[in-house]
Each structure stands twice: as structure tokens, then as C-alpha cells.
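K.L.:
Once you've had a glance at the structure underneath, I'll fire off some questions.
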Amino acid sequence: MRQDIRLGQVAGVTVAANWTVVLILVLIGWLLGGSVLPGAVPDQPAALYWLLACAAAVLFLASLLGHELSHALVARRNGLTVRSITLWMLGGMTELEGEPPDAGADLRIAVAGPAASAVAAGVFIGAAMAVKYGGGPVVVTAALVWLALMNGMLAVFNMLPGAPLDGGRVLRALLWRRYRDRRRAEAGAARAGQFLGAGIIGVGVVELMLWDIIGGLWLMLIGWFLIGAADAERRAATASSALAGVRVADVMLVDPQIAHGWTTVQDFASRLSPWSRQDAFPVVDWDGRLAGVVVTDLLARIPPGSRAGLRLDRVALAVPPSYLAAPEDPAAPLLSRRPLGGAVMAVVLAGGQVVGIVTVADMRQAVRRHELATA
């Protein structure tokens, strides 16, 4: 997920939204305002339907945020650093730094989201009953009941036992507790997710052929997403297992070419060797301290006419503390990071000076070497 829009912070957690959130808000508003509410409570003013539909769409988005925020807060309570929450079309993603310390923590973090959705469903159904028995508008009751149903379905669906759903995390925690092996548990949860996705696609095909075209296509889309996400988790688990016991020093590019912040983009590009395989470069200031990183793919997007007057320190990407590493650090945790600039996994420092850099290509090469050695 890219092109995220930062919304701010909630409880100290950075919250962003993918552009697809706009799509789901429009779809919910169109569904409620044009079909669900008029069907449930006919002969009401059209403006009222659309006003309630927009309000319900925003409340549903808020409930998704509550689901993810529950994961984040429980993860923080169990010693993990929460990088961000990103909302998108099919729900949300809480990005954590590192791994749960044990199976119990993994289980608590996984259950927190569905529990929050179940609580939200109870709150909305309680509000619906209060409006109904308080003599409020029936159409408002219908909107609240819809929100309760959606949150209840979200809680149930997320507890299905397969990665990357929360139920898959629960399964992973239980397998971890049983086998005492997190990697084996991850692989098992990923396989379950692939089977689950295939089953949902099968149900979607049947629904498409016998009942509802739109509903069938939607289920097929969800199943396809689950299979892809589960396969990605399976590959991540394999890579993490491959890097067990490997240090950052073993995978990094040693003594990489350094870029100086005062150099222009044009001068820097003219000095690059066309045969060099290095595609990310630490940028340092006059004192030799790290000032950021530049990535060739991003530099290539700068218009040629602007490169002569643009210094590297103006276009360099800032390196967050979580992307700094020491040579003796374990390499496996780097896999959980979103690549900085699409390429950089870590800048390696020793004594405050840059001694190496780890890119996506370096990590892939290390995993391939392990696969060749163990085949």
C-alpha cells in the first residue's frame, strides 16, 4: 500500500488512509442511501437517506480505526513499537516494529481487534434500541442496526482461521504455543489462509452462478486477496527462517559509495558508474554524519532541467531511528520493515559513521543463498 494520506495521530499512533478508503466510503454511502435505507424505511425524504448514509459511512470508518487501534494499544502494552495504522478498502493494517515476545502476547494482540469490533456492534445495537424505544426516527434506527451488523460481521470474518486475518494470528499463536516454533506456526497459519481464500473463492463462484452476481464477485475478490496475502506471509516466514542467526554485517553492502549532501543531483549522477549495482546511497553532511539516503529510482524522476541546481541534501530521504542498525544486530527483524524509498532496509553505523547499507536486493540475495545451501 502506497500513496497514503496522513490523517494525524490517535493515542500517539500515526494514522494514515490509503486512497481506496475514499472508494469504500462512496460505496457504503451509495449502498445505504440508494438501497438499504429506502428499502428498510420507505417514503422518507431523499436528503435524509443520503445524510444518514454519509454519517454511517464515517462511523463505519471510525469503527475500523477502533479495530486497528485496539491491536496497536495491546501491542504497545506487550512491548512492541507501533509504527502506524493505515486504513484501506478492505479494512486496515497496523504496522509493528519487531515480533511479539511470546505466543501469549501474539494471541492477545490478535484477539484485540475482533473484540473491539464486537464491542462496537454492541454499542450500535444499544444505540438503535435507545432511538427506537425513545421514539426517534425509524430510519435512524435502521442505520444504527446496519452499523451493528457490519461490525458484528467484521468481528466474525476476522476470526476465520487463516493468515492474514486476525483468526490466522490466533491460529499462529496457538500453533506457536504447541510447537514452540514461531516459524513453523507462521507457515501453518499461511497455508490455512491459502486454503481459506480458495474456499471463499469457491463460495463466490457458486453465488455468482446461482444467486447474486455482485455478491459472488465480491467474495471472489476477497478470496483472491486472502490467497495473495497468505502467500506473501508464507514467503516472509521462509525468509525470516533463512535469516535466523544471520547478522546485519553478513548481508550489508560493506563500505558503500557515499553521497555528499552539498553535491548537486546532476554532478552526483554524472559520477555514478554505469556498472555499479548499488542503487541506494547514504548522504552525509560536512562532518560526515548521516543526513539521509537517496535512491536512484527516485532521483531519475527529477526533471533533468532541475538537477543542476538541486542539492542532494534537499532531496534525500530522512532515515528514521528504526532504520539504523549496527553490524552485530540480527538481520531477520529487517524483514518486517517497509523499504525506505522502496529500496533501503537499513543504514549501518559504527561509531557514528556509515559502514554499510542494506537494501531489498541484499536481503533477497541472502535468502537465495540460504535456499541454495539447504536445497
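Read the figures in this text as sums done on the coordinates, not as results from a lab. Computed from a predicted structure; not experimentally measured. So basically every Cβ, Gly included, is an ideal-geometry build from the backbone, and we count neighbours across all protein chains shown.
K.L.:
Taking the Cα atoms of region 22-152, what is the range of coordinates along each of the three principal axes, in descending order and whole Å?
P.N.:
56, 32, 15
K.L.:
Continuing with this model, one more query. Between Leu48 and Arg77, how high is the FRET efficiency from 1/(1 + (r/R0)^6) when r is the Cβ-Cβ distance and R₀ = 51 Å? Nearest 0.05.
P.N.:
0.75
K.L.:
Quickly work out the Glu99-to-Phe157 label distance, labels modelled 7 Å from Cα along the C-beta direction, and quote it in nm with one decimal.
P.N.:
Modelled inter-label distance: 3.0 nm.
K.L.:
Moving on. List the residues, sorted by chain then number, that are 5 or more residues from Val10 or on another chain and whose placed amide H is less than 5 Å from its amide H.
P.N.:
Close amide H contacts, sequence-distant or interchain: Val15.
K.L.:
Sticking with this structure for a sec: Please sort 197-206, 58-67 by packing, taking for each peptide the average over its residues of neighbouring beta carbons within 10 angstrom, highest first.
P.N.:
The packing order, highest mean first, is 58-67, 197-206.
K.L.:
Another one. Can you pull the one-decimal nm distance between simple spin-label points at Val119 and Leu310, each 7 Å off the Cα toward Cβ?
P.N.:
4.7 nm
K.L.:
Suppose every Lys and Arg Cβ carries +1 and every Asp and Glu Cβ carries -1, with no other charges. What dipole size does region 7-118 come out with about its Cα centre, to the nearest 20 debye?
P.N.:
Numbers: 4 positive and 7 negative charges, 34 e Å.
In total the dipole reaches around 160 debye.
K.L.:
Then there is this: Which value, in Å³ per residue, describes the convex hull spanned by the Cα atoms of the chain?
P.N.:
189 Å³
K.L.:
Place a +1 charge on the Cβ of each Lys and Arg in the chain and a -1 charge on the Cβ of each Asp and Glu, then give the dipole magnitude about the Cα centre in debye, rounded to the nearest 20.
P.N.:
About 380 debye.
K.L.:
Starting from the eigenvalues of the Cα gyration tensor, five times each then square-rooted, give me the equivalent ellipsoid semi-axes of region 9-78, largest first, whole Å.
P.N.:
32, 12, 9
K.L.:
Work out from phi, with θ = phi - 60° and the Karplus expression 6.51 cos²θ - 1.76 cosθ + 1.60, the ³J(HN,Hα) of each residue of region 59-74, listed in order in whole Hz, and give x for Gly and Pro.
P.N.:
5, 5, 4, 5, 5, 4, 4, x, 4, 5, 5, 5, 4, 5, 5, 5
K.L.:
Turning to a different aspect of this structure: Just subtract the alpha-carbon distance of Thr20 and Ala232 from 0.36 nm times their residue separation and send over the number in nm, one decimal.
P.N.:
Details: separation 212, 0.36 × 212 = 76.32 nm, distance 2.08 nm.
Length gained, Thr20 through Ala232: 74.2 nm.
K.L.:
I've got another one for you. Calculate the translational D of region 145-288 in whole µm² s⁻¹ from Stokes-Einstein, where the hydrodynamic radius comes from the Kirkwood formula applied to all Cα pairs, the temperature is 4 °C and the viscosity 1.567 mPa s.
P.N.:
67 µm²/s
K.L.:
Something else about it: Between Leu147, Ala116, Gly135, whose Cα lies farthest towards the positive end of the dipole of region 94-176 when Lys and Arg beta carbons carry +1 and Asp and Glu beta carbons carry -1, centred on the Cα centre?
P.N.:
Farthest towards the positive pole: Gly135.
K.L.:
For Leu27 and Ile213, what does the FRET efficiency come to when R0 = 22 Å and r is the distance between their Cβ atoms, rounded to the nearest 0.05? Could you put the intermediate results ahead of the total?
P.N.:
Working: r = 16 Å, r/R0 = 0.72.
Computed FRET efficiency for Leu27 and Ile213: 0.90.
K.L.:
Quick one: Karplus J couplings for region 246-258, per residue in order, coefficients 6.51, -1.76, 1.60, θ = phi - 60°, nearest Hz, x for Gly and Pro?
P.N.:
Calculated HN-Hα couplings, in order: 8, 8, 4, 4, 7, 10, 6, 7, 7, 6, x, 5, 9 Hz.
K.L.:
In the calculated pair distance distribution of region 248-374, what percentage of Cα-Cα distances lie above 22 Å? Provide the component values of the computation, followed by the final result.
P.N.:
Details: 2737 of 8001 pairs.
Looking at region 248-374, the distances longer than 22 Å represent 34 percent of pairs.
K.L.:
Quote the FRET efficiency, to the nearest 0.05, computed for Phe225 versus Arg368 with a Förster distance R0 of 22 Å and r equal to the Cβ-Cβ distance.
P.N.:
That pair, Phe225 with Arg368, gives E of 0.20.
K.L.:
If you count the DSSP beta bridges with both ends in the chain, what percent of them are antiparallel, to the nearest 5?
P.N.:
Rounded to the nearest five, the antiparallel share is 80 percent.
K.L.:
If you don't mind, there's one more thing I want to ask. May I ask you to evaluate 6.51 cos²θ - 1.76 cosθ + 1.60, the Karplus curve with θ = phi - 60°, for each residue of region 209-225 and list the ³J(HN,Hα) values in order in whole Hz, giving x for glycine and proline?
P.N.:
Once rounded to whole Hz, the list reads 7, 10, 10, 10, 5, 5, x, x, 5, 5, 5, 5, 4, 4, x, 4, 4.
K.L.:
Which cross-chain or sequence-distant (5 or more) residues have an amide H under 5 Å from the amide H of Leu310, H modelled 1.01 Å from N in plane?
P.N.:
Hits under the 5 Å cutoff: Val265, Gln266.
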